[in-house]
1. In region B:1-94, which trypsin sites (Lys or Arg not before Pro) are in a loop and have at most 14 other Cβ atoms within 10 Å, using DSSP for the loop call?
2. Using label points projected 7 Å from each Cα along Cα→Cβ, tell me how many nm separate residue A:32 and residue B:88, to one decimal.
3. Per-residue HN-Hα couplings for region A:35-52, Karplus 6.51 cos²θ - 1.76 cosθ + 1.60 at θ = phi - 60°, whole Hz, x for Gly and Pro?
4. Counting other C-beta atoms within 10 Å, and keeping those with at most 16, which DSSP coil GluC sites (Glu not before Pro) do you find in chain A?
5. What does the average come to when, for each residue of peptide B:69-76, you count the partner chain Cβ atoms lying within 10 Å of its Cβ?
6. Once you sort the root eigenvalues of the Cα gyration tensor of region B:1-77 as a ≥ b ≥ c, which label holds: rounded (a/c under 1.5), prolate (a/b larger than b/c) or oblate (the other case)?
7. Determine, from the Cβ-Cβ distance of residue A:79 and residue B:61 and an R0 of 22 Å, the FRET efficiency 1/(1 + (r/R0)^6), rounded to the nearest 0.05.
8. Please compute the alpha carbon radius of gyration of chain B, then divide it by the globular-protein estimate 2.2 N^0.38 Å. Two decimals is fine.
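No value in this document is a laboratory result; all are computed from the given coordinates. All figures in this text were calculated on a predicted structure; none of them were measured in a lab. Please note: Cβ atoms are built from the backbone with ideal geometry, for glycine as well, and neighbour counts cover all protein chains shown.
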Amino acid sequence: MRRVVEIIAVLVVSLILALALSGEHPRQTETKEAIVENGLADTGARNLVTSVYLGYRAFDTFGETIVLLVSVSGVIYFLSKGGKS
Amino acid sequence: MRKTDVVDVAARKLAPYMFLFGLYLVSYGDISPGGGFQGGVVVASGVILLAMAKGSRAVAAYFPLHSLSLAETVGFALILAAAIAGLLMGAGFLADIVAPTGALRSITNAPFAFVMNILIGLKVGAGVSLICLTLFGESGP
C-alpha cells in the first residue's frame, strides 16, 4: 500500500515537472543586457558580479552577512562550555 | 589523530600563500573574479589547514577565539554603519555613498564596493574560522 502511494506521488511530481519543463521558454535577456550596458557606469565595478551583489542587490548581501552572524552565534552558543571556557 | 611530517610541512608552507590569495581575492573583488565572501572563505581555509596540521590549540594562540568573535561582530557593525550612512545622507539604505568615478584606475574605481568587500572579507573570514575552530576544539587535541 505504501509503495503504491510512493509510486503515485513520484508519477504526479514527474508529471508536474514535465509540464513545467516542456513548451517554449523565451530567453530572458533584458536584465543581462541592462547589467552589461550600465553596470560599470552605475556602480563603477569592473567585475559585473560585484556590481550585482554590492550594487543592484546589496540588500541580499547584507542578509547573507546576517545569516553568517546568526550561524556563528548558534555554533558558539551550542558548543561552548556554558560560556565559562 | 596521528600527524605526519608531510601534513605538517605542507600546511606550514601552503598556509601563507592561502592567506595571500584570500587577501588578493578580497581586495581585487571589484576588478577581477573574487569578492568578500570568497576571499574570506579562502583565508578561513588557511586557518583551518593550520588547525588540521598543528592542532586547534596552537592556532588559537595566533587567532584567539575572542579576537575572531570581536572581528566578526565589529565587521558586522561596520557594515551596518556603512548601510545606515547611506540612509543618513539621503541616498537610501545600503546605497553607494561614494560616487563611482568614470575613469578606470588601477586600484579601484568603485570605492564603496572596495570597502564593503574588505569589511565582508573580514567578517566572513573571522566567522568561518571561528565556527571551524570551535568545532575542532570540541573533539580535537
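1. The qualifying sites are B:2, B:3.
2. 4.2
3. So the J values, rounded to whole Hz, are 5, 5, 6, 9, x, 5, 6, 6, 10, x, 8, 6, 7, 5, 4, 5, 5, 7.
4. Listed in order of number, the matching sites are A:24.
5. Other-chain Cβ atoms within 10 Å of each residue's Cβ, averaged: 3.
6. Judged from the Cα gyration tensor, region B:1-77 comes out oblate (a/c at least 1.5, b/c at or above a/b).
7. The value I calculate is 0.65.
8. 1.22
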